[in-house]
1. With just the Cα atoms defining each centre, how far is segment 13-90 from segment 255-303? Give it in Å.
2. If you take the beta carbon distance between ASP317 and ILE52 as r and set R0 to 45 Å, what does 1/(1 + (r/R0)^6) give as a FRET efficiency, to the nearest 0.05?
3. What list of whole percents do you get for P(r) of segment 352-400, with Cα-Cα distances grouped in 10 Å bins up to the one holding the largest distance?
4. Under the 0.36 nm per residue contour assumption, what length would be gained going from the current alpha-carbon distance of TYR366 and LEU115 to full extension?
5. Which cross-chain or sequence-distant (5 or more) residues have an amide H under 5 Å from the amide H of ALA122, H modelled 1.01 Å from N in plane?
6. Residue by residue through segment 359-364, which ³J(HN,Hα) values in whole Hz follow from phi under the Karplus form 6.51 cos²θ - 1.76 cosθ + 1.60 (θ = phi - 60°), with glycine and proline marked x?
7. Between LYS257 and TYR138, what FRET efficiency comes out of the Förster formula 1/(1 + (r/R0)^6) with R0 = 45 Å and r the beta carbon distance, rounded to 0.05?
8. Looking at ILE332, THR23, THR270, which one has the Cα that reaches farthest to the positive end of the dipole of the chain (charges on Cβ: Lys, Arg +1; Asp, Glu -1)?
Amino acid sequence: MSQALEGVRILDFTHVQSGPTCTQLLAWFGADVIKVERAGEGDATRGQLRDIPGVDSLYFTMLNHNKRSITLDTKNPKGRQVLDELIKTCDVLVENFAPGALDRMGITWEHIQKLNPRMIVASVKGFGPGKYADCKVYENVAQCAGGAASTTGFEDGPPMVTGAQIGDSGTGLHLALGILAALFQRNSTGRGQKVLAPMQDAVLNLCRVKMRDQQRLERTGTMHEYPQYPDGKFGDAVPRAGNASGGGQPGSILKCKGWETDPNAYIYFTVQGHAWAPICDAIGKPEWKTDPDYMTAKARQPHITDIFATIEGWLADKTKFEAVDILRKFDIPCAPVLTMKELLNDESLRKSGSIVEVPHKERGTYFTVGSPIKFSDLKPEITGSPLLGEHTDDVLPDPATGHNPPLIHLSEPPKLLSHSDARLCLK
Ligand code: CAO
């Protein structure tokens with residue numbers, strides 16, 4: 001079975017997390033991703049947060065599967081020459097250098113256009129055009145700049161960043177989508193284009209419900225689903241909502257048996273409007289079904305905190321798993337708060353390929369997150385990340401002859417199409 005992006009060749013100048021997430025996705029789906037790194041250190045994450053001395057860190061390996069790695073000094077004239085040849089033969093250049101770094105290497109948009117007008121140049125930057133365009137940015141900086149931190153956490157605490165890497169991986173996803181759209185558009189225009197995914201904008205996009213709430217707040221001065229309602233005060237900006245659901249259905253994190261000693265003995269419980277009767281039955285409060293104070297969502301809202309307290313009483317002698325097993329029988333949307341340890345050993349995720357064990361040449365096998373996107377035909381097969389420069393000899397010219405073998409030489413005779421065939425396929 002061929003892979004969806006077979007024949008698409010990506011020149012991968014990405015590092016750390018945001019860019020590598022993007023190119024890893026494309027590699028999973030069949031693109032030939034050639035990661036260009038500096039000799040010596042390579043991508044800084046190879047050496048960061050190491051758990052085995054001298055071996056590529058999980059930080060690196062888990063973001064760079066299915067790629068090939070070459071080392072190239074792009075500031076050296078010979079390296080630049082080689083790079084120019086690579087630009088001629090690739091479809092997409094992806095980068096997340098600091099603003100201006102690509103230009104400082106001499107790889108300007110105009111230069112790329114001259115060499116390969118079909119090339120798509122895709123970038124992650126911290127900010128889009130504007131007064132912060134020159135700033136370097138990391139994950140939590142983006143979470144603060146994009147509205148996530150001011151709207152996360154509890155009312156009486158400071159702004160809070162979230163563990164989900166919405167700034168880095170979130171932006172990588174956005175960029176991957178932009179690249180696919182540009183490849184598709186190239187079919188009709190024959191031209192490449194620039195694609196930019198600023199991290200601030202990507203985080204904002206993921207926080208769009210909070211911008212919805214800002215406008216609701218400005219119009220009505222209140223929001224009934226927030227914990228500040230009815231007794232607390234609203235200011236002029238969307239407040240932090242703790243664990244309130246943020247959607248049309250009230251919800252909260254509730255304590256289960258053992259919460260006193262287990263920091264994750266909790267479930268998320270959602271009070272879906274039409275599921276009110278089953279909720280009452282499930283928690284042993286059938287009288288609430290006909291009580292006017294509880295019958296409608298509007299009637300319930302002023303005492304939603306007491307309702308959750310009652311449900312917590314019902315949960316007191318049940319583990320999070322026991323509780324969820326009961327509640328799911330009543331079709332109540334809920335979940336145990338799962339730890340990474342529990343997820344790593346989750347049978348369904350292992351079976352579906354969302355958690356996979358991957359071999360690595362130096363570290364042995366380890367677990368990683370496989371493709372969270374499932375297809376009926378395409379079956380992404382996750383392979384180990386490359387060692388630094390592992391494929392330099394396959395991809396670059398033989399130093400002895402200078403120009404042979406061909407600059408792009410596929411040593412493993414894979415299912416990959418030749419470059420010209422691939423281009424025809426993309427037309
Ligand atoms: N050969 C020669 N030089 C190379 C090279 C190569 N193969 N690869 C990189 N370099 C050079 C770059 O050209 C740059 O040189 P100049 O400073 O002279 O232009 C230098 O290495 C460092 O690149 P950088 O500025 O991108 O790296 P940094 O560690 O200083 O900054 C980061 C890292 C992430 C803050 C910055 O790249 C950035 O803001 N990127 C955009 C936003 C982003 O993606 N952030 C998310 C990162 S994940 O949390």
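The values are calculated or read from the model by the stated rules, or taken from the named source; none is laboratory data. These numbers were taken from a predicted model, which means no experiment stands behind them. Virtual Cβ from ideal backbone geometry, glycine too; neighbours counted across all protein chains shown. Each accessible area value is taken on the protein alone, full model and side chains, heavy atoms only, with ligands, DNA and RNA left out. Shrake-Rupley method; radii C 1.70, N 1.55, O 1.52, S 1.80 Å.
1. One Cα centre to the other: 50 Å.
2. Taking R0 as 45 Å, the efficiency between ASP317 and ILE52 is 0.55.
3. Going from the shortest bin to the longest, the percentages are 22, 35, 27, 13, 2.
4. Value of the extension gain: 86.3 nm.
5. Here the answer is LEU93, VAL94, GLU95, VAL195, since their amide H atoms fall under 5 Å of that of ALA122.
6. Working through the residues one at a time gives x, 9, 4, 10, 9, x Hz.
7. Rounded to the nearest 0.05, the efficiency is 0.70.
8. Farthest along the dipole direction, towards plus: THR23.
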